[in-house]
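In what follows, a single structure is set out as structure tokens and then discussed.
The values are calculated or read from the model by the stated rules, or taken from the named source; none is laboratory data. Please read these numbers as outputs of a predicted model, since none were measured by experiment. Glycine also receives a Cβ, built like all others from the backbone with ideal geometry; neighbour counts cover every protein chain displayed. For accessibility, only protein heavy atoms count, side chains too; no ligands or nucleic acids. Shrake-Rupley method; radii C 1.70, N 1.55, O 1.52, S 1.80 Å.
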Amino acid sequence: MVQVHMTVNGEPVTADVEPRLLLVHFVRQTLGLTGTHWGCDTSNCGTCVLWLDGVPVKSCTVLTVMADGHAVRTVEDLERGGRLDPVQQGFMEEHGLQCGFCTPGMMLTARWLLDRNPDPTEAEIREAISGQICRCTGYENIVRAIRWAAAHPHAVEVPS
Amino acid sequence: MTVVGERPNPVGFGRMLRKEDVRFVRGKGQYVDDIQLPGMLHGAILRSPHAHARLVSVDTSAAEAHPGVRAVITGKTLEGLKLAWMPSLSHDVVAVLATDKVRFQGQEVAFVVADDHYTARDALELIQVEYEPLPPVIDARRALDPGAPVIRDDIAGKQDNHIFDWEAGDRARTDAVFAGAEVVVSQEMLYPRVHPAPMETCGAVAHLDKVSGKLTIWSTTQAPHAHRTLYALVAGLPEHKIRVVSPDIGGGFGNKVGIYPGYVLAIVGSIVTGRPVKWVEDRSENLMSTSFARDYHMRGEIAATREGKILALRVDVLADHGAFNNTAQPSKFPAGFFHIFTGSYDLQAAHCQVRGVYTNKAPGGVAYACSFRVTEAVYLIERMVDCLAAELHIDPAELRLRNLLRPEQFPYTCATGWEYDSGDYPRALRLAMEIAGYAELRREQAERRQRGELMGIGVSFFTETVGAGPKKHMDILGLGMADGCELRVHPTGKAVVRLSVQTQGQGHETTFAQIISEVTGIPPEDVEVVHGDTDNTPFGLGTYGSRSTPVSGAAAAVAAQRVRDKARIITSAMLECAPEDLEWEKGRWFVRGDPTRGKTIQEAAFAAHGSLELPEGVEGHLDASCVYDPPNLTYPFGAYICVVDVDRGTGKVTVRRFIAVDDCGPRINPMIVEGQVHGGLADGVGMALMEAMAFDEDGNHLGSSFMDYLLPTSMECPSWETGETVTPSPHHPLGCKGVGESATVGSPPAVVNAVLDAIGVRHADMPLTPAQVWRAMNGRPYRTDLAIP
Amino acid sequence: MRVPAAFEYERAESVPHALALLARHGSEARVVAGGHSLLPMMKLRLAQPACLIDINGLTGLSYIREEAGQLRLGAMTRHAELLASALAARHFPLLGDAERVIADPIVRNRGTIGGSLCQADPAEDLSAAFAAAKALAVIEGGGGIRTVPIAEFHRGPYETAVAPDELLTEVRLPIRPGAGSAYEKVERRVGDWAIAAVGAVVWLEGDVVQDVGIGLAAVGAPHFHAAEAEAALRGRAPDAAAIAAAAALAAEHARPTADQRGPVDYKRHLVGELTGRALRRAVARARGREG
């Protein structure tokens, strides 16, 4: 077992893990953050995308020990202070999700894209999400959702 | 459910954001693998590397001795429990764990239960299995050869690999029309074996509470009630002691209709260990062992006049059902609804024969959004029409317009007996052509051809048949295809509706709230939708075959109408008038001629729970239920046009545009309906261009991971262009027809027709990968069900 | 989900530390960088190293710079960094062409160029691009630093010149005047491995091809290299006939095998087609015209 220290969604985390424990399992099982999903064994589907040091990665292909000393951000951290990220709002507004399984990864990639490119073209959006499979939406509404978020950059409080 | 601003929801039908999304966008969906129970153990399945082999021995001693392993279950263990075999959905049996032979690569051989998932996986490596390899049957076209190895020697007296012969239509009449026809075109085609491949794989958590005797199964199921009954039949457990919970499902598309050995093994694991057991398959297990779709080898013949009047169709099908006949379809229909292959045209006669065979491949069939083989039927007819168009040098859109059923012909009984409920086909096709700018596209195509560029325009028109039953004709394992619904309005006017169907992403929590809202006037945000839990919902057959809206949606509408009718009586008691004197406006009964005198449904609900004296025979409270047995199926339809560019030097296809006009009757939530169409169109691009599961001669699965089984990404999909016409179903209470599978059914032939139009080739089988397109251009397309030679 | 078998884990703090760890653990150890080649193999249990030596801490190996007339790429450079590099694009646009079609954007955020090269998958794109650019691999070991021409780096499928106690630290691409380059790939779908791919670099002197490099991926070319086609083009004017002749030679000498990406005849055809396209674009770029 190896002891790891990292921040997850801004909170410090310390745990003893087997070196082979995949980051997706650490996040889901050890920390109970089940918003990060998995859908394949070969780094193809992208449902396990989370941020490592501010960059989206496929967490099924990262060992937990590799995240030692680094910062992890998951879908659970998109909403802050009762305000949904505009990307989350966009996915609702434009029906960018159906079964919801690929959605966390898609939204994290979208947020990363918009942070670097606040007004992306359709082609840039399609390229950005091309490593993530959605089986439900045919991608059209995911593209629209991200454009919605680009057009509404400021989070709005969600009426409860 | 408003997210931004103060935009109100519609009361009833209309665009409305989805209620379920508030949890999904926060990562708070709860899928099967998210379930953690105290003391839960983890299972993993050892699978056969061989396609066909005798099982000589299974030595589990090392695995059992491995630290953290709690149980190792083999076929022998299950034989002792009489659980080694379970009934299939098609009057066959399926091995839960192999006892005598393995019959496909990936078949279940042993099950390990351990403290954690990693340990369970490690222990699989420690199980020693001795196999005696047998020659496999891989090519379905050789399955009935004399001397072919007999796969199902477990069936007493079985001497070959034949499963069934089935036919529909009038053979003699069809032959007679063909004999007199001016033009006959025939074409062989394969609809390859493909996979629904939802992003969430299949899995289950089983927990047998030894004290109460209650078995709870959380599983990825599209049909929780049917599963409960089947578990009762398989395991001999009393049905009231079984609870099936289907939590959030990460996509189904038909993959999650059946019961897989893994679910049964999780149950056995819980029985053996006394603790909850989770089993979730990995992606290779999903692709290699769970329900595939299609695998139809078809030979079509179309008869017509020289002017392009289509007269008759004749079809011969060889259906590869894999090692066990486990297709999920109504009992009386071994080829599903394939005999709707007459499609959208007015034919004099039609006949098909279908022969099912065993091969050493995974069992299953009719999964992947196919409406019980309508996908294959539409592909067949829409390819045949294009072949005829090419033969007669008639534009394929024009040929369709000449032959489409006319609106005045509905209800229309086709040559194989289906009664189409309603439609206006030419209007839909003309709209699609208008959106596409069809004539301009053809002009552009001609210009590009002059420059040596390959551009193709593909047209397809489909008629779906969805919403099975009626139950007198349609059942699964004796369970009639009807669905229940219970609606209860609370004293304060809020409501809960309980459904037998199960969403896998279609948005039932929103759509069904809108159905209740449309009929009762209760705002959709005030309607809680409960589904996916057999202890808390009425019986019904579940969600597949696009049947939720046509069947369960009708049940909800009828229950809502009953609530509304009861509210009328209550209102009449409140206002001391006769029920007949009341008129309905959405959400309120009022006295005819005096609109100020009335009561809202919320006021009626409170009164129904209060001291109000009700007429004799009328009980208090405001609730109703319904079991809906549909009088007929519904027949959604649509016209699709695909535009592609093909790189002459590489064979690479780019889908430039896709125009989809769908008619599914009134749209409850247009946003959700459009989303359903989008997803199906992507399926069509996938199947037409990249998805297929081939096998090499040893039976090795050549598409066993997402590196090899390719799903379309955002880059292969164009920006979909959609349109709609609205032709209500005359027999559905709301006129709705269902739409879940329309685009998956209708789009593959549009893409294939476009590619073949571009390269000027009569036919080549899907998937039209760069290699296949290039080979087709060179007159040598290959078979896509076998390893590429 | 598939999971790796157990292994020991070591984190290298420096190149010498990595070399010491490699020396200690011997051939049972594997170096892991981005992990996007190795970890999937380990999950499928096609690879079961006893020890993983993690070099992600060697951030000093992550750089793209011009030095001594060479474009130098640190082995830990992530694919996304190479794709984004204006410096790399200026000297070798084929690197951008190739990176744009390697896996997908998320994988490129994590995967490293050294990892890709050392995996030595016969369909790996950068190997073909570097072969075309006549790159040099810098390998460090206990005995010091050695530089290996890329043609000698790849020994065969999944086999490289890097010994078990050595580490690939850098790739060097000699910068020469008159260069133009391009990479052409056909895949079944975005993110898939190549059916066939061709990288081409030409160095023009006036109207003559002073030198040329042609790299092939996924078609069984020894060392990812189309030597015959290069020889035919060298010293000639890159006109249509010369390019066609080179393309035909590349196709003729390729040794593709059939798989679900395509049959042999198609792959061979693609080699010719893509060699022609890559050369035409490379020449156009050398002449200052984007091809």
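Odds and ends about this structure:
- When the residues of region A:1-10 are filtered to those that are within 14 Å of chain B (Cβ to nearest Cβ) and touching a residue at least 24 places away in the same chain (Cβ under 8 Å), the one that is most open to solvent (accessible area, probe 1.4 Å) is A:Asn9.
- Output for region C:89-126, where each listed residue is more than 13 Å from chain A (Cβ to nearest Cβ) and either free of Cβ contacts under 8 Å to residues at least 12 places away in the same chain or outside any helix (DSSP H, G or I) (or both): C:Ala89, C:Arg90, C:Phe92, C:Ala120, C:Asp121, C:Pro122, C:Ala123, C:Glu124
- Which numbered condition B:Gln772 misses (of (1) within 13 Å of chain C (Cβ to nearest Cβ); (2) within 27 Å of the chain's Cα centre (by Cα)): (2)
- From the list C:Ala232, C:Ala237, the one residue that fits, being modelled with pLDDT of 95 or more, out of contact with any strand residue (DSSP E or B) (no Cβ under 8 Å at 6 or more places or on another chain) and either open to solvent by 30 Å² or more (accessible area, probe 1.4 Å) or part of a helix (DSSP H, G or I) (or both), is C:Ala232.
- Among the residues listed as A:Asp41, A:Asp16, the single one being open to solvent by 10 Å² or more (accessible area, probe 1.4 Å), of a type in the set (D, E, K, R) and not assigned by TED's automatic domain parsing to the domain that holds A:Ile142: A:Asp16
- Filter pass, B:Thr220 being within 14 Å of chain A (Cβ to nearest Cβ) and either crowded, with 24+ Cβ neighbours inside 10 Å or touching a Leu at 6+ places or on another chain (Cβ under 8 Å) (or both): yes
- Test result for C:Ala103, surrounded by fewer than 20 Cβ atoms within 10 Å (Cβ to Cβ) and of a type outside the set (Lys, Arg): no
Conditions tested, residue by residue: (1) free of Cβ contacts under 8 Å to residues at least 12 places away in the same chain; (2) of a type outside the set (Ser, Thr, Tyr); (3) in contact with a Pro (Cβ under 7 Å, 6 or more places away or on another chain).
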| position | (1), (2), (3) |
| --- | --- |
| B:Glu486 | no, yes, yes |
| B:Arg498 | no, yes, yes |
| B:Gln502 | no, yes, yes |
| B:Gly521 | no, yes, no |
| B:Thr543 | no, no, no |
| B:Ala556 | no, yes, no |
| B:Ala559 | no, yes, no |
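- Selection from region B:734-766 of residues that are under 20 Å from C:Lys267 (Cβ atoms) and open to solvent by 10 Å² or more (accessible area, probe 1.4 Å): B:Ile759, B:Asp765
- Of the helices (runs of 4 or more DSSP H) that lie entirely inside region A:84-152, those containing 1 or more residues that are more than 27 Å from A:Val27 (Cβ to Cβ) and more than 17 Å from the chain's Cα centre (by Cα) span A:86-93, A:122-128, A:140-151.
- Hits in region B:553-601 (condition: among the acidic types (Asp, Glu) and within 15 Å of B:Leu614 (Cβ to Cβ)): B:Asp565, B:Glu576
- Check on C:Pro4, touching a Ser or Thr at 6+ places or on another chain (Cβ under 8 Å) and either crowded, with 16+ Cβ neighbours inside 10 Å or polar (S, T, N, Q) (or both): no
- Checking region C:243-253 against the condition returns no match, with no residue being within 30 Å of B:Arg783 (Cα to Cα), in contact (Cβ under 8 Å) with a residue 24 or more places away in the chain and part of a loop (DSSP other than H, G, I, E, B).
- Of the residues in region B:124-138, at least one is under 30 Å from B:Phe372 (Cβ atoms), in contact with a strand residue (DSSP E or B) (Cβ under 7 Å, 6 or more places away or on another chain) and among the β-branched types (Val, Ile, Thr).
- Considering (1) away from every other protein chain (no Cβ under 14 Å); (2) assigned to a loop (DSSP other than H, G, I, E, B), the lone condition that C:Arg189 does not fulfil carries the number (1).
- Applying the criterion of at least 1 residues that are open to solvent by less than 10 Å² (accessible area, probe 1.4 Å), within 14 Å of chain A (Cβ to nearest Cβ) and in contact with a helix residue (DSSP H, G or I) (Cβ under 7 Å, 6 or more places away or on another chain) to the strands (runs of 3 or more DSSP E) found wholly in region B:15-110 leaves B:41-47.
- Subset of region B:431-459 [open to solvent by 40 Å² or more (accessible area, probe 1.4 Å), within 24 Å of B:Glu724 (Cα to Cα) and without any contact (Cβ under 8 Å) to a residue 12 or more places away in the chain]: B:Glu434, B:Ala439, B:Glu440
- Flag if C:Ile64 is in contact with an Asp or Glu (Cβ under 9 Å, 6 or more places away or on another chain), among the hydrophobic types (A, V, I, L, M, F, W, C) and away from chain A (no Cβ under 13 Å): yes
- Tabulated pairs, region B:333-359, first on the phi > 0 side of the Ramachandran plot, second among the aliphatic types (A, V, I, L, M), C-beta under 8 angstrom, 6+ apart or interchain: B:Gly336/B:Val366; B:Gly336/B:Val374; B:Gly343/B:Ala377; B:Gly343/B:Val378; B:Gly343/B:Ile381; B:Gly343/B:Val385
- In this structure, B:Ala181 qualifies as surrounded by fewer than 24 Cβ atoms within 10 Å (Cβ to Cβ), out of contact with any Lys or Arg (no Cβ under 9 Å at 6 or more places or on another chain) and not hydroxyl-bearing (Ser, Thr, Tyr).
- Candidates A:Val13, A:Val27, A:Val72: the one that is in contact (Cβ under 8 Å) with a residue 12 or more places away in the chain, more than 13 Å from chain B (Cβ to nearest Cβ) and touching a helix residue (DSSP H, G or I) at 6+ places or on another chain (Cβ under 8 Å) is A:Val72.
- Here C:Ala33 meets each of (1) without any contact (Cβ under 8 Å) to a residue 40 or more places away in the chain; (2) under 28 Å from A:Asp41 (Cα atoms) with one exception, condition (1).
- Pairs where the first residue, in region A:46-64, is not assigned by TED's automatic domain parsing to the domain that holds A:Thr109 and surrounded by fewer than 24 Cβ atoms within 10 Å (Cβ to Cβ) and the second is basic (Lys, Arg) and part of a strand (DSSP E or B), C-beta under 8 Å, 6+ apart: A:Trp51/A:Arg73; A:Gly54/A:Arg73
- If you go through region B:619-658 and keep only what is part of a loop (DSSP other than H, G, I, E, B) and open to solvent by less than 40 Å² (accessible area, probe 1.4 Å), you end up with B:Gly620, B:Pro630, B:Asn632, B:Leu633, B:Tyr635, B:Pro636, B:Gly649, B:Thr650, B:Gly651.
- Any pair with Cβ under 9 angstrom, 6 or more apart, that starts in region B:129-144 at a residue that is of a type in the set (Val, Ile, Thr) and part of a loop (DSSP other than H, G, I, E, B) and ends at one that is open to solvent by 90 Å² or more (accessible area, probe 1.4 Å) and at pLDDT 95 or above: B:Ile138/B:Glu697; B:Ile138/B:Asp698
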